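To start, the structure under review is shown below, and the notes come after it.
The values are calculated or read from the model by the stated rules, or taken from the named source; none is laboratory data. As the structure is a prediction and not an experimental result, all values here were calculated from the model. A quick note on method: Cβ atoms are made from the backbone with ideal geometry, for glycine too, and the neighbour counts reach across all protein chains shown.
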Amino acid sequence: MAQMFVGNVYKSLFWGALVTYLMVILLNLKTFQMWPQVQTLYEAGFSINLKSIYLHPHGLRYTLVYPIYLVAELLQVSPDIILSLAVLAMCVMISHSLSRCITLHRKLTNIWKVNFFVFLFFAVLTLFMNGRLIYGLCAYSLMFYGLFLLVKDKEATIEKQALPACLISLAILFSSSSSGVAISFYAISFSSICIYLLYDFRQKIRIHYPVIISMFIFFLLYTPIILFLINKNLAFFGGGFDGFLLMTQHGMLNGLDDHLVFKVLCFGFTALLACFVYFYRNSLTRDPLLFFTAYCMALMILLSLFAFSILMMAFIPAILMTAFLSNRLSIIGKLFFERYLTSTHSIGSK
């Protein structure tokens, strides 16, 4: 009865926070603006087709947000308002995806509590961000949810296994909001799926090959866009190996010199990763969920050499790590407490 009451309290808090954020948007206290590249394309009457998606540097990005313009035209409102409402919806998607990820790893007594705190965290975080990065955060939350479902739901039918494939495919589209996020997402998600297949093959675990093949086809179709973005970024910095080195000045190396926030995030995420690996050092190779979380965090920190936006994506695995560590530390605390009670009881009996 008490758990149900607490659950209802957190459910009410979640909906209260959501309505509050909605009112902030409707009262124009916070509005996200369409980024200049897509706004320019929209005003120029840019047409969406395979050629424009594959050969224009902002083609896929424009395709991602084009439905916002359609809804804005239909409702006769500013696209910025629709984008702001989309940001709110993505905060809900992130909270739902991450809470489900935690549930897949361990049973939660109160999922609304996790939903509320995750939503509140990202709702506050978005107040200091532009609309582009929230797409990337949503992409990574969907990717984790898809990967966790692939790993845990082994006995599911092929229809249910199609859900993680759809989540990861949708996440690929969402990641295109930023070149740095798109490239990092491609590298992390593709390598994670390859590691998952290798793990299942070695453990002789059932694999739904039609689902995996469909995802690989989607990645294959996306590869030319990623190569185009990499080439564009290299060309912007002069090309060749010198251009590659200059790209690092755009990310971590530049941030560590000039930006306090970047320093705090970089060292904070690194410390969290070190603690996570230490406390789960005996479980990482046996539990794919723990391994994927640590692996993705490590790659994000490494790839943040090239873009600050990639480091911001590390908030997603950081939330999962914090949840997993809190569970681990609570178990350790209970063991110490039980040993303490046992020792005091034995001393008292003497």
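Looking at 31, 20, just one residue is among the polar types (S, T, N, Q) and in contact (Cβ under 8 Å) with a residue 40 or more places away in the chain, and that residue is 31.
Across the stretch 34-58, what is the total count of residues that are of a type outside the set (D, E, K, R) and closer than 24 Å to residue 87 by Cβ? Count: 14.
Mind telling me which of the residues 71, 6 ends up being under 26 Å from residue 318 (Cβ atoms) and either in contact with a Cys (Cβ under 8 Å, 6 or more places away or on another chain) or not aromatic (Phe, Trp, Tyr) (or both)?
Working: 71 fails: under 26 Å from residue 318 (Cβ atoms).
On inspection, the qualifying residue turns out to be 6.
Examine the stretch 208-227 for a residue that is modelled with pLDDT under 80 and not in a helix (DSSP H, G or I), and state whether such a residue exists. Within the stretch 208-227 (the criterion being modelled with pLDDT under 80 and not in a helix (DSSP H, G or I)), the answer is yes, since at least one residue qualifies. Of the residues making up the stretch 282-305, just one is outside any helix (DSSP H, G or I) and either modelled with pLDDT of 90 or more or β-branched (Val, Ile, Thr) (or both), namely 285. A Cβ distance below 7 Å, combined with a sequence gap of six or more or placement on separate chains, defines the contacts here; from the stretch 97-112, residues that are outside any helix (DSSP H, G or I) reach residues that are polar (S, T, N, Q) in the pairs 106/327; 109/3; 110/3.
Would you check which residues across the stretch 77-91 are over 12 Å from residue 126 (Cα atoms), among the β-branched types (Val, Ile, Thr) and part of a helix (DSSP H, G or I) and list them? Listed by number, the residues that qualify are 81, 82.
The set of residues in the stretch 207-230 being of a type outside the set (A, V, I, L, M, F, W, C) and closer than 21 Å to residue 152 by Cβ consists of 208, 209, 210, 214.
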